[in-house]
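Heads up, the thing below is written out as structure tokens.
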Amino acid sequence: MATKGYHQYRGRGRGGGKLPVILLLVVLLCAIVFLIGQRYIVYHDDGSVTIELPFFHQQQTDPGDIPDDDVHIEYEDPDPDDTDPDEETPVTLQVLQAYGLPYGCLNSDPASLLADRTAVAVYMKNPDGTLSYQSSVSLPQGVGTGSSTTLTSLQTITGSDCYTVARITALCDSAYAQALPESAIRYTGGSLWWDNYSRCWLDPGSDAAREYLCALAKECAQLGFDEIVLEQFRYPIEGDLSGTTAADTAQRAAALQELAQAIREAAGPSVAVSILLPGSIDTDYSFQASGLTAQMLQESFHRIYVPQGSAAYYWLDGALGADFDRNTRLVLTADAPLGSGSYLVNP
């Protein structure tokens with residue numbers, strides 16, 4: 001039996017519910033496109049906006065693909081004239097016209113001794129082994145030193161415009177030898193050896209002697225000296241060394257050369273280290289006995305000082321090679337200024 005009035009009703013239509021869903025999807029899609037597109041939107045200074053898509057531009061090369069050897073970076077020195085004050089400058093020798101200052105000059109103001117001088121030499125270690133200045137080097141009892149006044153005098157000398165030379169009597173040293181016998185030339189029985197002039201000598205092969213001389217050279221460099229001259233830097237020939245701790249004659253030059261190298265290293269590359277020869281060494285035999293050879297002198301020292309007109313000068317002049325610069329490296333000691341070349345006027 002049909003129900004009257006209801007046989008045509010099919011319920012509410014389903015098609016009307018799809019539209020909101022479609023609209024929502026469109027909104028979401030637009031939002032996603034907008035967010036992604038932000039990275040390609042370019043805002044210009046004039047207020048305009050453009051879209052630059054990546055596929056419209058040439059592909060960039062990955063910086064990581066650039067070979068290391070294709071990269072060249074130049075650094076500009078902000079102050080090319082600025083030099084490191086702690087950097088040591090290698091020695092450059094020039095003609096030397098120096099005046100020796102007298103013993104005891106450090107006990108008073110030496111300013112007047114520097115007047116009209118371009119270079120001066122001062123005794124720092126005396127022939128008897130005492131020091132003419134107050135040293136900070138550890139010294140055994142019995143080695144004399146100067147007073148505190150001497151340091152002020154040294155500051156006056158090294159702080160002047162003069163080229164300054166420290167004179168060190170090296171191996172002839174009775175004071176240090178007697179205070180520290182293990183540093184000296186001794187008889188094999190242990191007692192000190194004395195030369196014909198009643199002087200003791202330090203042994204060039206002694207560790208204690210080497211450490212002491214290196215410490216003095218380093219201190220002179222730190223005090224501001226431009227050059228160090230080693231005097232009596234040799235084996236003694238004024239007496240018989242047989243039966244002593246001194247090296248054999250054939251080994252003496254090597255021992256002295258090793259000691260000279262140690263002293264140069266202690267002084268540093270900016271300080272010249274030179275030697276003064278005694279005028280009494282006048283023959284090939286005496287030079288060999290003393291451990292000095294022309295080759296060792298040229299290789300081990302910046303300059304060679306020798307008394308003008310002495311037998312040692314004539315021997316040396318004939319032994320030095322033709323390429324030896326006598327003008328700057330050979331210094332003649334004399335009682336008055338010389339007309340040319342390098343010289344040291346005796347005090």
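Any read-out appearing in this document is the output of simple, stated calculations on the displayed coordinates, not a laboratory observation. A quick note: this is a predicted structure, and the numbers were derived from the prediction, not measured. Note that each Cβ is placed from the backbone with ideal geometry, even for glycine, and that neighbours are counted across all protein chains shown.
The table below lists the values:
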{"read-out": "Length gained when the stretch Ser148-Thr89 is fully extended (0.36 nm per residue, less Cα-Cα span)", "value": "18.2 nm"}
{"read-out": "Net charge of Cβ neighbours under 13 Å - reference Gly142; Lys, Arg +1; Asp, Glu -1", "value": "-2"}
{"read-out": "Of the chymotrypsin sites (Phe, Trp or Tyr not before Pro) in region 94-141, those whose Cβ has at most 15 other Cβ within 10 Å and which sit in DSSP loop", "value": "Tyr103"}
{"read-out": "DSSP-defined antiparallel bridges as percent of all bridges, region 97-345, nearest 5", "value": "15 percent"}
{"read-out": "Rg/Rh ratio calculated on Cα atoms of region 102-172 (Kirkwood radius)", "value": "0.97"}
{"read-out": "Size of charge dipole - region 97-345 - debye, nearest 20, with Cβ of Lys, Arg +1 and Asp, Glu -1, no other charges", "value": "220 debye"}
{"read-out": "Rounded, prolate or oblate (a/c below 1.5 giving rounded, otherwise prolate when a/b exceeds b/c) for region 97-345 by Cα gyration tensor", "value": "oblate"}
{"read-out": "Contour excess over end-to-end distance, with Cα ends at Ser340 and Ser242 and 0.36 nm allotted per residue", "value": "30.9 nm"}
{"read-out": "Highest to lowest packing among 151-158, 273-280, scored as the average C-beta count within 10 Å", "value": "273-280, 151-158"}
{"read-out": "Contour excess over end-to-end distance, with Cα ends at Ala111 and Ser270 and 0.36 nm allotted per residue", "value": "54.7 nm"}
